Amino acid sequence: MSVPFSLGDLPTLSRSTVDRQEGLRTNPSRLLAKWSDARVVLLDDAGRTPVVEGSSVLAFRKAIDFGASPPEDAVFLGEWQDTDYWSLPGGPSGDAQTVKMAGSWGFVEEVPLVDGEVWVELRGYGDLLDDTSAGLFTTAQALRNWRRQAKFCTRCGHPTELVQFGWASKCTNDGREEYPRTDPAVICLVHSTEGTNGSHVLLARQPIWPAGRYSVLAGFVEAGESLEACVLREIREEVGASVSDVRYLGSQPWPFPRSIMLGFTARADRSLPLVPADGEIEEALWVSREEVRAAFANSAARVAKPTPIANGAAEIILPGNSSIARVMLKAWADAEE
């Protein structure tokens, strides 16, 4: 007898090992004492960081090379195995080559290569990093994006300055403190009602996506709304389907710019017509488990190879390896109906 499917694998960007408790970043004397032996994650203007070519570990810099104490824009990321980790802005130096590698959604992207280090972005490379590097990169990206949107006080409009080593901003006028914000968003794998896990999954594509790209449905939680109510509303708004048996699966940070993706699954009757939301959803369709399994088989080596859907409506390219959507689809595809 089949059982309800679960994620199985931890979503790529949910992996982390560092200790980031508040007591560490609010202890200046401790942080300063460990600065000389600390390591730094660099982020360029495009949000890329260096990785030794072919490696699963970030190419860290020695903190002491940036001065005897943390620069004003240094952000503390956490501690791991008695080493502190920070992030600082910085880009490739010297003569950079341009190399091609698999990026988000498996599409080939061009990235800089300098002195044996490839400057990669989180969406396309996050799944290839070890747990420590993935967690550090995700946190650094999230804090960087927050800071870009938090330069001014939301109450009086005056400039803010970073405090708590990057984990809070303080208004230069009235001293008001604000902290990194995270926007909750639900992402739901809707499957058909046959058996325990259904025989088909509901996929959709946005008008701005390249041809063939499909994913499960997602949307932001609104004020005063529960997560389960958001699932019901978003699915109804986006494709006109009514779902039942909403069940939580897991979560993943998604710092593009500042979301937390809360994964759910639900059931819907695939015999009823779908009504894609005008301007938001270009197409929605039911895809069989066999077709999803074939799409996974064809996306090996991180290069998406479109595979025809049986009804001829489209070709399917699955979400990228760093997305919780891919983990959800893989778990469902591997389950029994």
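Listed values, structure above:
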| quantity | calculated |
| --- | --- |
| Virtual spin-label span in nm between Glu280 and Lys151, 7 Å along Cα→Cβ | 3.2 nm |
| Paramagnetic label zone (point 7 Å from Cα along Cα-to-C-beta, Val99; backbone N under 11 Å) in the stretch 43-82 | 51-55 |
| R0 of 25 Å, Cβ-Cβ distance Leu10-Arg293: FRET efficiency to nearest 0.05 | 0.70 |
| Sorted by Cβ neighbour density within 10 Å, fewest at the top, the residues Tyr214, Tyr125, Tyr179 | Tyr179, Tyr214, Tyr125 |
| Where labels lie 7 Å past Cα in the beta-carbon direction, separation of His158 and Asp131 in nm | 4.5 nm |
| Principal axis dimensions, the stretch 260-300 - Cα atoms, whole angstrom, descending | 33, 31, 23 |
| Stokes-Einstein D in µm²/s, Kirkwood radius over Cα pairs - the stretch 12-148 at 20 °C with 1.002 mPa s viscosity | 140 µm²/s |
| Whole-Å distance, taken between Cα centres, linking the stretch 127-151 and the stretch 43-110 | 10 Å |
| Gained length - Glu72 relative to Glu109, 0.36 nm times residue gap less alpha-carbon distance | 10.0 nm |
| Lys/Arg +1, Asp/Glu -1 at C-beta; the chain dipole; positive extreme among Thr139, Leu10, Ala266 | Thr139 |
| Estimated D of the stretch 72-214 in µm² per second, where Rh is the Kirkwood radius over Cα pairs and Stokes-Einstein applies at 4 °C, 1.567 mPa s | 68 µm²/s |
| Rg over Rh [alpha-carbon atoms, Kirkwood Rh] for the chain | 1.01 |
| Among beta bridges that DSSP assigns inside the chain, antiparallel share in %, nearest 5 | 75 percent |
| Ascending count of other beta-carbon atoms within 10 Å, so fewest first, for Ile64, Ile235, Ile260, Ile316 | Ile64, Ile260, Ile316, Ile235 |
| Separation in nanometres of the label points that stand 7 Å from Cα toward Cβ, at Lys62 and Glu178 | 3.9 nm |
| Debye, to nearest 20: dipole size of the chain, +1 on Lys, Arg Cβ, -1 on Asp, Glu Cβ | 320 debye |
| Debye log10 I(q)/I(0) for the stretch 183-334, one point scatterer per Cα, at q = 0.10, 0.11, 0.18 Å⁻¹ | -0.31, -0.38, -1.11 |
| Amide N of the stretch 321-336 lying under 15 Å from the label point, which is placed 7 angstrom from the Cα of Thr196 along Cα→Cβ | 331-336 |
| Cα-Cα over 31 Å, subset of Lys100/Lys170; Lys62/Lys100; Lys34/Lys100; Lys34/Lys330; Lys62/Lys330; Lys151/Lys330 | Lys100/Lys170; Lys34/Lys100; Lys34/Lys330; Lys62/Lys330; Lys151/Lys330 |
| Residues Asp278, Asp37, Asp84 arranged by fewest to most Cβ contacts within 10 Å | Asp278, Asp37, Asp84 |
| Over the chain, relative contact order from alpha-carbon pairs under 8 Å, at least 6 apart, % | 20 percent |
| Sum of side-chain charges, Gly47 neighbourhood, beta-carbon under 14 Å (Lys, Arg +1; Asp, Glu -1) | +2 |
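Laboratory data are not the source of any read-out in this text; all were calculated from the coordinates shown. All values derive from a computational prediction rather than experimental measurement. So basically every Cβ, Gly included, is an ideal-geometry build from the backbone, and we count neighbours across all protein chains shown.
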